[in-house]
Amino acid sequence: MQKYWNEKFETMQENALRAFQVKKLKETVSWVYERVPFYRARFDEYGVTPDDVQSLEDLSRLPFTIKSDLRENYPFGLFAVPSQECVRIHASSGTTGKPITGGYTQEDMAQWGECMARTLWAAGVRPTDVCQNAYNMGLFTGGLGFLTGTETLGATLVPTGSGQTERQIILIQDFKSTVIYSTPSYALTIAEKAAELGINLRDSSLRIGIFGAEPWSEEMRREIEERLGIVAMESYGLTEMGGPGVAFSCSEKKGLHINEDHYIAEVIDPVTEEPLPLGEEGELVLTAIQRKAMPLIRYRVRDLTRLYRESCECGRTLLKMDRVRARSDDMLIVNGINLYPSQIESILLEIPEVSPQYVIVVSKHGYLDRLAIDVEARKEIYDLGEEKLREVEIKIQSRIKGTIGLTAHVRVVPYKIIERSEGKAKRVIDQRP
Ligand code: ADP
Ligand code: ZN
């Protein structure tokens with residue numbers, strides 16, 4: 001039985017892989033220098049030319065590309081081919097501001113299909129599977145990225161898109177879907193709707209889920225596995241790099257393998273901008289080395305992670321990255337303490353009375369920050385009365401105080417008060433001026 005989608009690249013020895021990366025990096029640097037005025041100007045400003053790149057170490061001589069570079073060159077300013085040569089144009093969901101565009105040549109599409117097919121294969125998807133795609137299937141790269149990968153692999157695709165949750169559940173049953181693709185938060189919305197309809201999805205044909213596009217905790221992963229009766233796998237990517245397919249989880253279910261023959265990953269200290277050694281946490285920086293329409297050089301992703309190379313039980317040699325805990329933009333500083341939404345999520349999900357529906361609200365009271373958490377209880381807990389709910393609030397508050405050191409104003413809010421997610425969940429409301 002075929003173990004990998006692409007054995008050659010997924011299990012390549014480090015030396016051979018490095019040699020391949022250097023060759024592709026050099027090609028890409030020349031490609032953008034010759035074709036993208038933005039890059040030529042930026043390289044000239046830094047006094048570097050494509051000839052200065054002879055090894056992977058030389059990468060650190062190149063300037064970074066940042067999100068505002070994309071915004072300032074919106075929509076097609078960073079394209080390395082005329083936009084007419086693109087066969088596809090996507091845009092980011094714009095979670096953090098003005099959308100970002102990404103173009104694809106025919107070759108880029110094939111490459112995307114390849115990276116996504118590896119993701120799906122590693123998750124256990126085979127050509128006999130029926131894959132229900134509950135990612136939004138529009139400009140957002142998630143939906144069509146999964147479609148492309150499924151077509152490349154040759155499984156059956158059911159393009160439901162996100163939303164119409166009741167119909168998702170009916171189609172899982174009628175079409176006997178075996179695989180589901182969605183954001184983790186939408187998977188929970190589906191699980192909850194099924195429970196309301198009295199349908200136990202654990203008994204359904206579903207066996208695998210592939211989730212991504214937003215940060216989620218290990219506790220959330222287990223919750224989804226439990227509620228849907230599936231193995232929950234993961235995909236990571238971003239519009240700027242073409243979409244999902246940058247990194248993927250394997251049977252070890254610990255960390256994600258980076259498609260290193262397509263993307264060179266670095267981690268830097270976000271303040272000093274110095275590259276950090278393997279194993280240290282910092283900001284992820286990616287360079288696309290095989291893309292044609294819009295390859296970005298040293299793009300500061302603003303996601304925080306750690307890179308490590310160790311022998312993985314799955315046999316892949318590809319570099320690994322930790323699950324992305326948070327975007328650096330999402331890090332809250334509350335009364336001087338750094339806080340990630342996923343830390344709160346982990347604590348909440350360890351409390352059996354609580355459901356994974358929550359919102360974190362930060363506001364200003366005088367000189368101090370005020371941290372409030374609205375969370376729903378599991379449905380049956382509401383029947384136990386007000387006193388029980390107050391007890392749960394106190395329990396959460398003391399866990400947060402104990403682990404993070406912050407005083408949180410915790411409210412168990414009525415069932416279904418928190419807006420259910422169909423895509424990327426909004427977990428933080430920062431009301432501070
Ligand atoms: P937007 O910035 O508008 O959300 P994208 O749809 O391109 O645009 O989203 C890319 C971002 O989504 C990534 O930079 C990362 O923050 C997040 N993301 C994608 N996949 C994952 C994942 N598996 N785990 C955590 N975060 C993820
Ligand atoms: Zn592995």
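The values are calculated or read from the model by the stated rules, or taken from the named source; none is laboratory data. Values in this document were obtained by computation on a predicted structure and should not be read as measured data. Note that each Cβ is placed from the backbone with ideal geometry, even for glycine, and that neighbours are counted across all protein chains shown. Just so you know, the surface numbers come from the protein's heavy atoms only, side chains and all, with ligands and any DNA or RNA stripped out. Shrake-Rupley method; radii C 1.70, N 1.55, O 1.52, S 1.80 Å.
I'm told Glu422 meets every condition in (1) surrounded by 13 or more Cβ atoms within 10 Å (Cβ to Cβ); (2) in contact (Cβ under 8 Å) with a residue 60 or more places away in the chain; (3) over 24 Å from the mean Cα position of the chain (by Cα) except one. Can you identify the failing condition by its number?
(3)
Regarding the range 257-272, can at least one residue be identified that is among the hydrophobic types (A, V, I, L, M, F, W, C), within 12 Å of ligand 2 (Cβ to nearest atom), part of a strand (DSSP E or B) and surrounded by 19 or more Cβ atoms within 10 Å (Cβ to Cβ)?
Yes, because at least one residue in the range 257-272 is among the hydrophobic types (A, V, I, L, M, F, W, C), within 12 Å of ligand 2 (Cβ to nearest atom), part of a strand (DSSP E or B) and surrounded by 19 or more Cβ atoms within 10 Å (Cβ to Cβ).
If the requirement is being in contact with a helix residue (DSSP H, G or I) (Cβ under 9 Å, 6 or more places away or on another chain), assigned by TED's automatic domain parsing to the domain that holds Leu284 and loosely packed, with under 15 Cβ neighbours inside 10 Å, which of these qualifies: Gln54, Gln84?
None of the other options fit; the residue is Gln54.
Residue by residue through the range 125-149, note down the ones that are more than 14 Å from ligand 1 (Cβ to nearest atom) and farther than 17 Å from Ala232 by Cα.
Pro127, Thr128, Leu147, Thr148, Gly149, listed by residue number.
Can you tell me which residues in the range 141-164 are free of Cβ contacts under 8 Å to residues at least 24 places away in the same chain and of a type in the set (A, V, I, L, M, F, W, C)?
Leu147
Which one of these is in the same structural domain as Gly77 (by TED's automatic domain parsing), at pLDDT 95 or above and either surrounded by fewer than 17 Cβ atoms within 10 Å (Cβ to Cβ) or over 14 Å from the mean Cα position of the chain (by Cα) (or both): Met294, Met321?
Checking each option against the conditions leaves just Met294.
Which of the following residues is touching a residue at least 40 places away in the same chain (Cβ under 8 Å) and either within 30 Å of Leu17 (Cβ to Cβ) or away from ligand 2 (no atom under 16 Å from the Cβ) (or both): Ile373, Ile381, Ile289, Ile333?
Ile289
Looking for something in contact with a Lys or Arg (Cβ under 9 Å, 6 or more places away or on another chain), among the aromatic types (Phe, Trp, Tyr) and closer than 16 Å to Glu225 by Cβ - is there at least one such residue anywhere in the range 169-181?
No - not one qualifying residue is present in the range 169-181.
Taking Ser363 as meeting all but one of (1) outside any helix (DSSP H, G or I); (2) open to solvent by 40 Å² or more (accessible area, probe 1.4 Å), write down the number of the exception.
Condition not satisfied by Ser363: (2).
State all residues of the range 307-343 that are within 16 Å of ligand 1 (Cβ to nearest atom) and of a type in the set (S, T, N, Q); if no residue qualifies, say none.
The answer is Ser328, Ser342, Gln343.
So, in the range 153-180, how many residues would count as being part of a helix (DSSP H, G or I) and either out of contact with any Pro (no Cβ under 8 Å at 6 or more places or on another chain) or more than 23 Å from Tyr4 (Cα to Cα) (or both)?
11
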